[in-house]
Amino acid sequence: MNIASLFEIEAREYQKIAFTAQSAETARIVVLGLCAGLFLAMLYTLYLRAVPGSLVRALLKRNANTPEAAQTLDSLHLRLRGFVVAALAHNATLQRLVKIAPQTGNNGEEKHPARYYIPEENVFRAEALYSKRGNPIVHLFFAVLGCTALAILLCKLIPVVLSMIDAIL
């Protein structure tokens, strides 16, 4: 038994349902595509927790919830600063949570002179969306394991479900 055989869908003769080898191949592609999409969604969730989440957690840790307490990106010492800047430019959810404090003076010595803060009314939402729970490597491992198991299970259950539907018809 090889690994590819786990993802094969058996094409059988049914009395009232036409399920050919071509239909089985199409169903297999759909199942694998759904599981791959689910895995990509989990990867994106991990990205959101790692990149924009690092900014939000750093601002919450420093109690930057007013324009006076706002922090620059340089003062937050973020690891993935380039990705954080991109997330600030393109992530609408992050833009609604994190605000830019008005410029008070010309501070030309910093790379990113903008100062960021999370208004008090957004603190609870920011904590709920971007709190760091668990280990991302463990989450990734379970995502791979779960998506693979789901794909195998769906591939093996499709003939069973089709035979039940055929019996009902």
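Might you let me know whether region 70-91 holds any residue that is under 30 Å from GLN22 (Cβ atoms) and among the small types (Gly, Ala, Ser)?
First, the residues of region 70-91 that are under 30 Å from GLN22 (Cβ atoms): none.
So far as region 70-91 goes, no, none of its residues is under 30 Å from GLN22 (Cβ atoms) and among the small types (Gly, Ala, Ser).
Could you identify the single residue in GLU121, GLU127 that is more than 23 Å from the chain's Cα centre (by Cα) and modelled with pLDDT of 85 or more? Step through it out loud before you land on a result.
Numbers: GLU127 fails: more than 23 Å from the chain's Cα centre (by Cα).
Checking each option against the conditions leaves just GLU121.
Which residues, counting only those in region 111-135, are open to solvent by less than 60 Å² (accessible area, probe 1.4 Å) and in contact (Cβ under 8 Å) with a residue 60 or more places away in the chain?
Within region 111-135, TYR116, ILE118, VAL123, ALA126, TYR130, SER131 qualify.
Hey, could you check region 45-62 for residues that are modelled with pLDDT of 90 or more and open to solvent by 70 Å² or more (accessible area, probe 1.4 Å) and say which is farthest from ALA114 (Cα to Cα)?
The extreme case among them is LYS61.
Looking at THR104, is it part of a loop (DSSP other than H, G, I, E, B) and at pLDDT below 90? Can you show your working first?
Values: part of a loop (DSSP other than H, G, I, E, B): yes; at pLDDT below 90: yes.
When the stated conditions are applied, THR104 passes them.
More than 30 Å from ALA101 (Cα to Cα) and within 28 Å of the chain's Cα centre (by Cα): which single residue out of ALA24, ALA64, ALA41, ALA58 fits that description? Lay out the reasoning, then the answer.
On the way: ALA24 fails: within 28 Å of the chain's Cα centre (by Cα); ALA64 fails: more than 30 Å from ALA101 (Cα to Cα); ALA58 fails: more than 30 Å from ALA101 (Cα to Cα).
After ruling out the rest, the residue left standing is ALA41.
Output the residues belonging to region 86-97 that are loosely packed, with under 13 Cβ neighbours inside 10 Å, more than 17 Å from the chain's Cα centre (by Cα) and aliphatic (A, V, I, L, M). Lay out the reasoning, then the answer.
Our first condition is that a residue be loosely packed, with under 13 Cβ neighbours inside 10 Å; within region 86-97, this holds for 89-90, 92, 96.
From the residues that got through so far, the ones that are more than 17 Å from the chain's Cα centre (by Cα) too are 89, 96.
Across region 86-97, the qualifying residue is only ALA89.
Give me the residue from region 67-81 that is open to solvent by less than 40 Å² (accessible area, probe 1.4 Å) and in a loop (DSSP other than H, G, I, E, B) and, out of that set, nearest to GLN103 (Cα to Cα).
Among those that are open to solvent by less than 40 Å² (accessible area, probe 1.4 Å) and in a loop (DSSP other than H, G, I, E, B), it is ALA70.
Going through ILE29, ILE17, ILE100, ILE9 one at a time, which residue ends up being surrounded by fewer than 18 Cβ atoms within 10 Å (Cβ to Cβ), β-branched (Val, Ile, Thr) and within 25 Å of ALA143 (Cα to Cα)? Break it down stepwise before answering.
Values: ILE17 fails: within 25 Å of ALA143 (Cα to Cα); ILE100 fails: within 25 Å of ALA143 (Cα to Cα); ILE9 fails: surrounded by fewer than 18 Cβ atoms within 10 Å (Cβ to Cβ).
Checking each option against the conditions leaves just ILE29.
The values are calculated or read from the model by the stated rules, or taken from the named source; none is laboratory data. In this text the structure is predicted, and so the values were computed from the model without any measurement. Here the Cβ is made from the backbone with ideal geometry for all residues, glycine too, and neighbour counts use every protein chain on show. Protein only, heavy atoms only, side chains kept; ligands, DNA and RNA dropped before computing areas. Shrake-Rupley method; radii C 1.70, N 1.55, O 1.52, S 1.80 Å.
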